[in-house]
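Student: Below is a structure I'd like to ask you about.
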Amino acid sequence: MTTESSTHYYLNWAKARIDEMDAALATFDGKIGEPQANAREKGQRILADLRKKRDDFRNAVTKQPEANEVDWIEAKAQFDADWNAFEAGVEQYFDNRGEQIQATFKRQAEAQIKAWRHATGELRKAAEQFAANRRSDIDAAVKRMSADAAAAEDKLQKLSQAGSELWSVFTRAPAESRATFDRANQAVRDAFERAST
């Protein structure tokens with residue numbers, strides 16, 4: 001049976017990815033008015049594909065909250081592949097429209113920061129349900145997650161203000177932040193599991 005901590009872990013992970021997808025697409029919307037018809041058409045096709053990937057991802061995630069942990073683990077493997085396909089589509093879009101890199105990075109950074117804050121708040125609420133003697137592990141993990149969130153937010157904000165940078169910089173920083181978020185989310189999940197036993 002899926003524990004509440006497992007559900008929080010997977011929902012936090014999925015919500016963070018959906019928020020980033022939404023942020024990237026929001027940056028691209030309305031920016032297709034390039035003078036060259038071929039570039040505009042290519043951009044429109046890529047955007048349509050990205051929207052479909054995001055919608056398919058969101059629809060699949062909405063079916064998961066009631067699933068057991070085994071189903072979540074199997075689904076997450078597919079979600080990881082879907083996320084990677086979305087990121088590849090964003091990179092393809094940038095190959096077609098390089099001037100939007102900074103704006104997209106900034107929006108995705110804002111989405112990550114929002115996801116960190118949301119996850120930390122939700123996990124704090126969940127931790128309050130445990131008896132005081134069983135909460136110390138959870139409280140420590142949530143505190144570490146909050147500190148990681150603050151460090152990631154600071155780094156992302158500095159990078160978003162840095163001006164026009166290479167694509168590799170803009171992809172590396174969010175990927176590092178995403179990985180830190182995933183590790184912190186997993187640490188809190190593990191703390192809930194230990195406290196539940």
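Each reported figure results from applying straightforward, stated rules to the coordinates on display, with no laboratory input. In this text the structure is predicted, and so the values were computed from the model without any measurement. Glycine also receives a Cβ, built like all others from the backbone with ideal geometry; neighbour counts cover every protein chain displayed.
Student: How long is the gain from Asp190 to Asp154 if the chain were fully straight, where each residue apart is worth 0.36 nm and the alpha carbon distance is subtracted?
Tutor: Between Asp190 and Asp154, full extension yields 10.3 nm more.
Student: Further question on the same structure: Please list, by residue number, everything in region 179-195 whose backbone N is under 19 Å from a paramagnetic label point 7 Å out along Cα→Cβ of Glu69.
Tutor: 182-195, by backbone N distance to the label point.
Student: Arranged by the count of other C-beta atoms within 10 angstrom, fewest first, what order do Asp49, Asp29 take?
Tutor: Exposure proxy ranking, most exposed first: Asp29, Asp49.
Student: Of the cross-linked pairs Lys15/Lys53; Lys53/Lys143; Lys63/Lys125; Lys114/Lys143; Lys53/Lys106, which ones have a Cα-Cα span greater than 25 Å in the structure shown?
Tutor: Beyond 25 Å: Lys53/Lys143.
Student: Give me the net charge of Phe57's neighbourhood, meaning all other residues with Cβ under 10 Å from the Cβ of Phe57; Lys, Arg count +1, Asp, Glu -1.
Tutor: Charge balance near Phe57 sits at +2.
Student: Something else: How high is the FRET efficiency between Asp29 and Arg172 when r is their beta carbon distance and R₀ equals 22 Å, given to the nearest 0.05?
Tutor: That gives a FRET efficiency of 0.30.
Student: If I model a spin label at Ala179 and Thr62 as a point 7 Å from the Cα along the Cα→Cβ vector, what separation in nanometres do I get?
Tutor: The two pseudo-label positions are separated by 3.3 nm.
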